[in-house]
Amino acid sequence: ALGDLIVKIDTAIGPQGSQVDIAVRAWNFTDMVSMQGTIDFNTSIATFDTISVYALSGMDYTSFGLTQINNGQLMFSWSDPSMLGVTLADSSALFVMRFTLVGSAGSYTMLDFINAPTPLEFSDNTYNPVNVQFESGKAIVSGDASIVLNEPSLYSYCVGDMIQVNYVANGIFI
């Protein structure tokens, strides 16, 4: 509904073997005192490396549970040390995850918010859970791009000559 807290995971793309940073962002993050949940992903496509940015006061490595990371589940939990509530500008990052892309070219994994093992809950300074709209992201393994010209093959051209090239594009486009 209008005014609900929105929490969204970014989408990132890179070649196999590369590292990508993927932010978890919020809109309508107003007077929040706590948040927790689990993010699920496919480890055959992307492996978790680290949290590259801790964007909230009091957030550090202890805010993240890694016991299920080999099963593709990252748990998070944060509470405002002041307990007064934190307000952020729309699109602010809450934290940034770093993954290594290990899947084959063209593959991707969804990055989904799930309710287990750590249930999803965001609370404001009234200590009541708020309504949240969760939006998934993706980690995409890009493929090699190449252009092969089969025609015109045996012609000579001068600078400024116009030619027509027929082509077909295959792959993932975002």
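The values are calculated or read from the model by the stated rules, or taken from the named source; none is laboratory data. Since the model is a prediction, treat every value here as computed from it, not as a measurement. Counting neighbours? That spans all protein chains shown, and the Cβs are built from the backbone with ideal geometry, glycine included. We work out accessible area using only protein heavy atoms, side chains counted, and drop any ligands, DNA or RNA first. Shrake-Rupley method; radii C 1.70, N 1.55, O 1.52, S 1.80 Å.
Starting from the amide H of Asp80, placed 1.01 Å from N in the peptide plane, find each other amide H under 5 Å away whose residue is 5 or more places distant or on another chain.
Hits under the 5 Å cutoff: Ser34.
Using the Cα centre as the reference, give the magnitude of the dipole from point charges on the C-beta atoms of the chain (Lys, Arg: +1; Asp, Glu: -1; all else neutral), rounded to the nearest 20 debye.
For the chain, the charge dipole is close to 220 debye.
Please work out the Cα center distance from segment 34-77 to segment 93-130, rounded to the nearest Å.
7
Determine one quarter of the surface area of the Cα convex hull of segment 1-66, which equals its mean projected area, and express it in nm² to one decimal.
Mean projected area of the Cα convex hull: 5.8 nm².
Ordering Tyr127, Tyr61 by how much accessible area each has at a 1.4 Å probe, largest first, what is the list?
Greatest to least solvent exposure: Tyr61, Tyr127.
Express the Stokes-Einstein translational diffusion coefficient of the chain in µm² s⁻¹, to the nearest whole number, given a Kirkwood radius over alpha-carbon pairs, 4 °C and a viscosity of 1.567 mPa s.
Stokes-Einstein gives a translational diffusion coefficient of 71 µm²/s.
Using a 1.4 angstrom probe with every protein chain in place, what is the largest-first accessible-area order of Trp78, Trp27?
Trp27, Trp78
On a 1.4 Å probe surface of the protein chains, which of Met162, Met110, Met59 comes out largest in accessible area, and what is the full order?
Accessible-area ranking of Met162, Met110, Met59, largest first: Met162, Met110, Met59.
Under 10 Å, Cα contacts only: if you run a Gaussian network model on the chain, which one of Ser123, Ser63, Ser82 comes out with the highest mean-square fluctuation?
Ser82
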